[in-house]
Structure formats: C-alpha cells, structure tokens
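J.: Mind looking over this structure? Questions follow.
The values are calculated or read from the model by the stated rules, or taken from the named source; none is laboratory data. Keep in mind that what you see is a predicted model, and the values were worked out from it rather than measured. For neighbour counting, all protein chains shown are included, and Cβ atoms are generated from backbone atoms with ideal geometry for every residue, glycine included.
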C-alpha cells in the first residue's frame, strides 16, 4: 500500500528528481498511509469493539437484510448508547451443492470511530436461522 501512496503522491506533486524532494514525498506518503491505516480497522478490531447490544442490533439487521432485501439494498443499525453503527448489504444469492440457500453480504461498520467493511457469507438452516459461515 505504501508504494501505491508514493506513486499517487508523485503523480500529484510531480516526482522530484533531487534526493531531498523524493525524501519529502516519501515522508509525506508514509504519514498518509499511517493515517489511513489508523482510520480503518481490521474485522477483529471492529468485532472486539462491539458490545452485546451492538451485536444483537447487527444480527437483527443481518437477518432482515438477508431474508427480505435484494442485492445492494442495505439494512442499517445504530446503537445510540455506544455510537456504533453499521449497514448490512446483501450481495450474491446462491444455492450450494447440498441445497443450502446462502447469501454473500458486506458489513459496513463504524465502531469506536473506526470504519471497516467485512465480507461474509451466511446460509439458511433448516429451521430458518441464518448461520454465518465465513
């Protein structure tokens, strides 16, 4: 990712031919990458930052989205106590070789002021519950 940001900075600033100019661009790019990485959390960091109430709201939104929404139609949830929020967006719907009805979906999360998108798959069990598989 750092290489991409350096290339982007060079493209915007016009790559310096002097070593000091290149060094300044590299420092600026490194600082930009650090800020980007600090703003976006890993799935584990996001999930670890959720309360039981957040999880209950997210699960309810997931169930509603997977059961009732078309692809690209999201269901939002928000916890006014914690400030955490998210949107569940179904993507692909498919049937497995064993006949299980499944959907790929994205979780757009904002937890503790940090944003992230987690891609998951859930399949409907025989009793109608959605089981998270990945």
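J.: Pairs only if they're at least six apart or on different chains, beta carbon under 8 angstrom, first in segment 71-94 and on the phi > 0 side of the Ramachandran plot, second modelled with pLDDT under 95 and exposed (fewer than 13 other Cβ atoms within 10 Å of the Cβ); list them, first residue then second.
T.: Taking only residues 6 or more apart or on different chains, the pairs are 83/113.
J.: Among the residues of segment 57-79, are any in a loop (DSSP other than H, G, I, E, B), closer than 21 Å to residue 47 by Cα and over 14 Å from the mean Cα position of the chain (by Cα)?
T.: Looking for residues that are in a loop (DSSP other than H, G, I, E, B), closer than 21 Å to residue 47 by Cα and over 14 Å from the mean Cα position of the chain (by Cα), one finds at least one in segment 57-79, hence yes.
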